[in-house]
Amino acid sequence: MIERAMTQKQPKKEKKPKEKNKRKGKRTDNSPTKPLLSETSDKFVCYQKSVQAPDHEVDFFIRAYRDCYRKTPFAMREDFCGTFAVCCKWVASHPKRTAIGVDYCGQTLEWGRENNLCELDAQSQQRVRLIEQDVRKRNRPQVDVLSAQNFSFWIFKTRAEVINYFKTARANLKSEGIMVMDMMGGGECYTEGHTDKRKIKKGKKGFSYHWTQVSFNPINHDAEFNISFKFADGSWMKQAFVYQWRFWSIPEVREMLAEAGFSDSYVYWDVEPDENEDSIWKRQQVAPSDPSWICYVVAKK
């Protein structure tokens, strides 16, 4: 998930004399032939290290399901799965767990096969099923947990599209099933040009993650965000991922879930105020008006 940037004042550093031909992500005639980190780095590796936390997601799915049904889930479906890292972590967490990953981008699925699926043992690989298709199609078997993470369903920009998707998601759940989504909000999310920055990896081959709010239209809530990566050698992988979404609110989503037939929905809010500590997610009816927040919405079939 996208996390809030942590800002910290840094002590002023003594200025150093300029060095000739020092590279800042651009080549000069006298530049060494060593390739830039932005040229040799894999954007999907950077994404997974910056945005995803599969261990946490699996733990939360299990807990949210138990909160609803007082038992343990075994079958999971990851819509908009991309490189399906969560699917892989799910099946690795228990020998009886199965996962279905659904995404319409064959290239991304293939990357996941070559980089994530191959990390599992042969038996675990057999318990991951990948489907290259639109998430709005129904599939068997039905599952206990269906996830649509990283604000992915925001690609649907009308109520009719979202409700249609929610109806399909509900149909893909067992009689005792939950759908899990994350949501974001706060004033910073509407501020054009605002960028959250986080150092992901330190050292000579390190990089930082930049999440930028590019545009927001208050009339129809169309919004554009992108992810860029800046590397230790000064080079950039700009707009590695670009998102053009409808910015949905929590009450809108809960209303659409109800219209789609879900019996109830719950908001899990991070009640740990210290950004340096691990998040503590609890069901809440009231939350603070933070300038930048993340939450989960869990829908019960």
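Scanning the stretch 280-301 for residues that are in contact (Cβ under 8 Å) with a residue 40 or more places away in the chain, part of a loop (DSSP other than H, G, I, E, B) and closer than 22 Å to residue 198 by Cβ yields 290, 291, 292. Would you mind stating whether residue 170 is without any contact (Cβ under 8 Å) to a residue 60 or more places away in the chain and out of contact with any Leu (no Cβ under 6 Å at 6 or more places or on another chain)? No, not satisfied.
For the stretch 248-265, taking the residues that are loosely packed, with under 14 Cβ neighbours inside 10 Å and within 17 Å of residue 151 (Cβ to Cβ), the one that is nearest to the chain's Cα centre (by Cα) is identified as 249. When we screen 270, 274, 290 for residues that are exposed (fewer than 14 other Cβ atoms within 10 Å of the Cβ) and among the acidic types (Asp, Glu), the only hit is 274.
Taking the stretch 83-161 as the region of interest, the helices (runs of 4 or more DSSP H) fully inside it that hold 1 or more residues being closer than 14 Å to residue 44 by Cβ, in contact (Cβ under 8 Å) with a residue 40 or more places away in the chain and in the same structural domain as residue 176 (by TED's automatic domain parsing) are 85-92, 106-115. Criterion first (outside the structural domain of residue 224 (by TED's automatic domain parsing), within 24 Å of residue 243 (Cα to Cα) and not polar (S, T, N, Q)) does residue 74 satisfy it? So residue 74 does not fit the description; no.
The values are calculated or read from the model by the stated rules, or taken from the named source; none is laboratory data. Since we're looking at a predicted model, the values are computed, not measured. With ideal geometry, Cβ positions are generated from the backbone for all residues, glycine too; neighbour counts draw on all protein chains shown.
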